[in-house]
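Working notes, beginning with the structure itself.
The values are calculated or read from the model by the stated rules, or taken from the named source; none is laboratory data. These figures come from a predicted structure and were not determined experimentally. Quick reminder, even Gly has a Cβ in these numbers, built from the backbone with ideal geometry, and neighbours come from all protein chains shown.
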Amino acid sequence: MEGVSREIRLVARPTGFPDEELFEVAESPIPDPSDGQVLIRNAYFSVDPYMRPRMNDVRSYVAPFTLGETMTGGAVGRVVASRHEKLAEGDWVLHGLGWREWALSDGAGVRKVDPALAPVSTALGVLGMPGFTAYYGLFHIGQPESGQTVFVSGAAGAVGSAAGQMAKIAGCRVIGSAGSPEKIAWLRELGFDEAFDYRETRVRSALAELAPDGIDVY
Ligand SMILES: NC(=O)c1ccc[n+]([C@@H]2O[C@H](COP(=O)([O-])OP(=O)(O)OC[C@H]3O[C@@H](n4cnc5c(N)ncnc54)[C@H](OP(=O)(O)O)[C@@H]3O)[C@@H](O)[C@H]2O)c1
């Protein structure tokens, strides 16, 4: 296909807070799919916490990013050209090829996304890894019962905001903590019963006041 694809590469390891100097925008010709491949036009890509340790050259539960290579990670896009027997032109897909405008894939790790079910971006959010993390952590590990009190820290993040709303659906009383007044206001909009700013109030004293009988699930 004619045209240029831009992609974001990691070119240096962070020594403190990551900044844009760590990345470069590289351009390459938009590739054509060979037999068994699809060409995907990306619409969304995800920036996730697990990527930060991967920027360091240390052992983690996932291998470090390689310097000079495009940042891999969750992305959602639409198949523009296909020579793959199970993926058709027009399909919305979730894949792991990351921070690039166009992606060439052999279908490994590619999952179809149903745009009729929800906005396709949710495949990277509540219907994707953050949502599944929240669901698993809450229901398989926390196992709350209706009427119990659930405390969620990091409550305004992708995982915490989903976990708190799921706990509400399960009939729990939900307390959330987050780090700014705007986040606290948003947690109330989401339906959290109580929310406090841990930068303003110490967690111990906030919980003593908001959950005098204790917390069932954290
Ligand atoms: N996203 C996933 O799919 C996934 C999967 C498995 C595990 N996890 C883990 O679950 C946790 C939450 O993930 P998430 O996707 O919800 O993250 P997120 O959306 O980035 O939210 C994380 C929140 O943590 C708080 N925080 C406190 N100290 C921080 C610091 N030094 N740097 C950045 N944020 C800080 C921030 O909220 P305040 O300003 O309110 O403090 C931030 O909004 C992370 O530990 C992540 O590794 C996530």
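Residue 113 falls short on exactly one of the conditions (1) loosely packed, with under 14 Cβ neighbours inside 10 Å; (2) among the aliphatic types (A, V, I, L, M); (3) under 30 Å from residue 78 (Cβ atoms), and that condition is (1).
Filtering region 158-209 down to residues that are of a type in the set (Val, Ile, Thr) and more than 10 Å from the ligand (Cβ to nearest atom), which residue is surrounded by the fewest Cβ atoms within 10 Å (Cβ to Cβ)? Among those residues, the one meeting the criterion is 169. Considering region 126-149, and only residues there that are more than 10 Å from the ligand (Cβ to nearest atom) and of a type in the set (Phe, Trp, Tyr), the residue that is farthest from residue 172 (Cα to Cα) turns out to be 135.
Give the residues of region 190-216 that are touching an Asp or Glu at 6+ places or on another chain (Cβ under 9 Å) and of a type in the set (A, V, I, L, M), sorted by residue number. Of everything in region 190-216, those that are touching an Asp or Glu at 6+ places or on another chain (Cβ under 9 Å) and of a type in the set (A, V, I, L, M) turn out to be 206, 210, 211. Run down 93, 62, 38 and say which single residue is touching a residue at least 12 places away in the same chain (Cβ under 8 Å) and farther than 25 Å from residue 3 by Cβ. One residue alone meets the criteria, 62.
Within region 131-157, the set of residues being free of Cβ contacts under 8 Å to residues at least 60 places away in the same chain and either surrounded by fewer than 15 Cβ atoms within 10 Å (Cβ to Cβ) or part of a helix (DSSP H, G or I) (or both) comprises 131, 132, 133, 134, 135, 136, 137, 139, 140, 141, 146, 147. Within region 180-217, being under 13 Å from residue 164 (Cα atoms) and either outside the structural domain of residue 166 (by TED's automatic domain parsing) or part of a loop (DSSP other than H, G, I, E, B) (or both) holds for 191, 192, 193, 217.
Considering only region 28-53, how many residues are surrounded by 11 or more Cβ atoms within 10 Å (Cβ to Cβ) and away from the ligand (no atom under 11 Å from the Cβ)? Outline the logic, then answer.
Filtering region 28-53 for residues surrounded by 11 or more Cβ atoms within 10 Å (Cβ to Cβ) gives 28-33, 36-53.
Next, from what is left, pick out any that are away from the ligand (no atom under 11 Å from the Cβ): 28-33, 36-45.
Of the residues in region 28-53, 16 are surrounded by 11 or more Cβ atoms within 10 Å (Cβ to Cβ) and away from the ligand (no atom under 11 Å from the Cβ).
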